[in-house]
1. Straight-line reach from residue 43: which lysines have a Cα under 26 Å away, not including same-chain ones fewer than 8 places off?
2. Rounded, prolate or oblate, given the Cα gyration tensor of the chain, with a/c below 1.5 counting as rounded?
3. Roughly speaking, what is the stretch gain from residue 118 to residue 65, that is 0.36 nm per residue apart minus the C-alpha to C-alpha distance, in nm to one decimal?
4. Of 71, 30, 54, which is the most mobile in a GNM of the chain whose springs link Cα atoms less than 10 angstrom apart?
5. So, with a 1.4 angstrom probe, what is the percent of accessible area on the chain that is carbon and sulfur?
6. Find the relative contact order for the chain and round it to a whole percent, using C-alpha pairs within less than 8 Å whose residues are 6+ positions apart.
7. Among 70, 51, 103, whose mean-square fluctuation peaks in a Gaussian network model of the chain (Cα, cutoff 10 Å)?
8. For segment 29-123, state which GluC sites (Glu not before Pro) are in a DSSP loop and have at most 16 other beta carbons lying within 10 Å of their beta carbon.
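The values are calculated or read from the model by the stated rules, or taken from the named source; none is laboratory data. Computed from a predicted model, the values in this text were never measured in an experiment. Cβ: placed from backbone, ideal geometry, glycine included. Neighbour counts: every protein chain shown. Ligands, DNA and RNA are excluded from the accessible area calculation, which covers all protein heavy atoms including side chains. Shrake-Rupley method; radii C 1.70, N 1.55, O 1.52, S 1.80 Å.
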Amino acid sequence: QVQLVESGGGLVQTGGSLRLSCAASGRTFSSYAMGWFRQAPGKEREFVAHIRWSGGITYYADSVKGRFTISRDNAKNTVYLQMNTLKPEDTAVYYCAAGSLSIATTVAEYAYWGQGTQVTVSS
């Protein structure tokens, strides 16, 4: 069982940066692959980034590649999403999730979810 709590969201201007954190509880955090998703109003939840349990393999949606970086610190039971060069279209509620697959990019592949943190990018 894993419980996830996101933080770090907020309001930022276009071109700015934010770093999201996701703190996990549970002794088996390091065995899970972790992902970030986002959901804008009226849209489906979409994949943003994924990191394997060891941290050595990452995968990104094309829309954020080169701007966002996912990382994890298993000693701190925390996964991060560094977001740079933010755009208004990045505005959404961001969710972290824990799954058990090496590469997972769909909602159905993740078993545990946080409550989300709002990111708003003003133009």
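1. The qualifying lysines are 65, 87.
2. Because a/c hits 1.5 or more and a/b exceeds b/c, the chain counts as prolate.
3. Contour length minus Cα-Cα distance gives 17.1 nm.
4. 54
5. 49 percent
6. Value for the chain: 35 percent.
7. 103
8. 44
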